[in-house]
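J.: Just passing along the structure, written as structure tokens.
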Amino acid sequence: LLPVDGSFQSRIAVDMTIFLAKMFNASVTVMHVVSTDIKTVYKTYIPRENYAPISTATGQFPRTLKPPEDRGYLIPEQVVNEVIDTYRTEGETLLSETVALLNKEHITVKQKLFYGDHIAQAVLDETEKENYDLVIVGSSGDIEKETDPHLGSVATKLAHATKCPLLVVRQKSKISKILVPVDGSAEEKKALQSAKLIAKPSMSQIILLHVQEKSLLRIRPQMREVGIQILSQAEGELQDMSPEKQLVPGDPAKTIIETAKKDGVDLIVMKKRHPTSIFGLGSVTDHVVHHATVPVLLLK
């Protein structure tokens, strides 16, 4: 499933989808959600105003004066319908262009146009109705620079709530090097299997990374041997893939992101943690998916 909005990161997600679909001979459903949120219409119809910072005489940090939610504007229904109709036309054009790109690559594709106030919810509803193997989204519709790691609201909601594997795309549109953080838990077996599934046809290198807290190593130096064993067990799951193994002391989340940058990784594969949590992600996974500058594949 490929939700598109025409943004910079969405276009990269299209390229990544083409890469994966051709590799696995997969069919693709391209979807677009026409926003019917009245707040979006307000932003379109009413010029944005500038609000001066409040005086900091009290010693507080500067803050911006925000207008109240109800700004007293009353937009005629005809205008609202015209704006939404414009969104629909733009969405249809975007779907047609995206489908044409996939057809050019001989990929089986169909398109779906939805209406709704909440884009993420529309995507979640679609994944509940159909049996998708993967959802591919750009990290944010607001990003205009490749190096911006910002995670948008739609990608954030999907990362926390979707039961389907989710690939959050940034920068990269092809895969040749995959990073799999391991900690010895039973949950990571699926991450290793997924990395192997992608690595074989793409001839990608796999890097296994185990990060140990410096404070723990200082108190119990023998934990390094435990780390070596964890990496060896993970290697065993990959059979003849000959992965590179790295045992690194440091903060797990930051080290994963730094390693991805240092080694030119194209994809980080991680399992969601604490599936019973209302937040849906563990702290390390949450930090990585928000701040990594490369695609992150989240597996339930």
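The values are calculated or read from the model by the stated rules, or taken from the named source; none is laboratory data. Treat the numbers as computed from the prediction; the structure is a model and nothing was measured. So basically every Cβ, Gly included, is an ideal-geometry build from the backbone, and we count neighbours across all protein chains shown. Surface areas here come from the heavy atoms of the whole protein model, side chains and all, with no ligands, DNA or RNA. Shrake-Rupley method; radii C 1.70, N 1.55, O 1.52, S 1.80 Å.
J.: Tell me whether the range 174-182 contains one or more residues that are hydroxyl-bearing (Ser, Thr, Tyr), open to solvent by less than 80 Å² (accessible area, probe 1.4 Å) and in contact (Cβ under 8 Å) with a residue 40 or more places away in the chain.
T.: yes
J.: Give just the number: which of (1) open to solvent by 10 Å² or more (accessible area, probe 1.4 Å); (2) in contact (Cβ under 8 Å) with a residue 40 or more places away in the chain; (3) under 22 Å from residue 112 (Cβ atoms) does residue 131 not satisfy?
T.: Single failed check for residue 131: (2).
J.: Kindly state which helices (runs of 4 or more DSSP H) lie completely within the range 211-266 and contain at least 3 residues that are surrounded by 12 or more Cβ atoms within 10 Å (Cβ to Cβ), touching a residue at least 24 places away in the same chain (Cβ under 8 Å) and among the aliphatic types (A, V, I, L, M).
T.: Of the helices (runs of 4 or more DSSP H) lying wholly inside the range 211-266, those with at least 3 residues that are surrounded by 12 or more Cβ atoms within 10 Å (Cβ to Cβ), touching a residue at least 24 places away in the same chain (Cβ under 8 Å) and among the aliphatic types (A, V, I, L, M) span 223-237, 252-262.
J.: Among the residues of the range 108-136, write down those that are outside any helix (DSSP H, G or I) and either under 18 Å from the mean Cα position of the chain (by Cα) or among the hydrophobic types (A, V, I, L, M, F, W, C) (or both).
T.: Answer for the range 108-136, where residues must be outside any helix (DSSP H, G or I) and either under 18 Å from the mean Cα position of the chain (by Cα) or among the hydrophobic types (A, V, I, L, M, F, W, C) (or both): 109, 113, 114, 118, 132, 133, 134, 135, 136.
J.: Here are some residues: 189, 200, 110, 157. Which one is touching a residue at least 60 places away in the same chain (Cβ under 8 Å) and open to solvent by 60 Å² or more (accessible area, probe 1.4 Å)? I'd like the intermediate steps shown before the answer.
T.: Values: 189 fails: touching a residue at least 60 places away in the same chain (Cβ under 8 Å); 200 fails: touching a residue at least 60 places away in the same chain (Cβ under 8 Å); 157 fails: touching a residue at least 60 places away in the same chain (Cβ under 8 Å).
After applying the criteria, what remains is 110.
J.: Test residue 294 against the criterion of being part of a loop (DSSP other than H, G, I, E, B), in contact with a Lys or Arg (Cβ under 9 Å, 6 or more places away or on another chain) and in contact (Cβ under 8 Å) with a residue 24 or more places away in the chain, and give yes or no.
T.: Considered against the rule, which asks whether it is part of a loop (DSSP other than H, G, I, E, B), in contact with a Lys or Arg (Cβ under 9 Å, 6 or more places away or on another chain) and in contact (Cβ under 8 Å) with a residue 24 or more places away in the chain, residue 294 comes out as yes.
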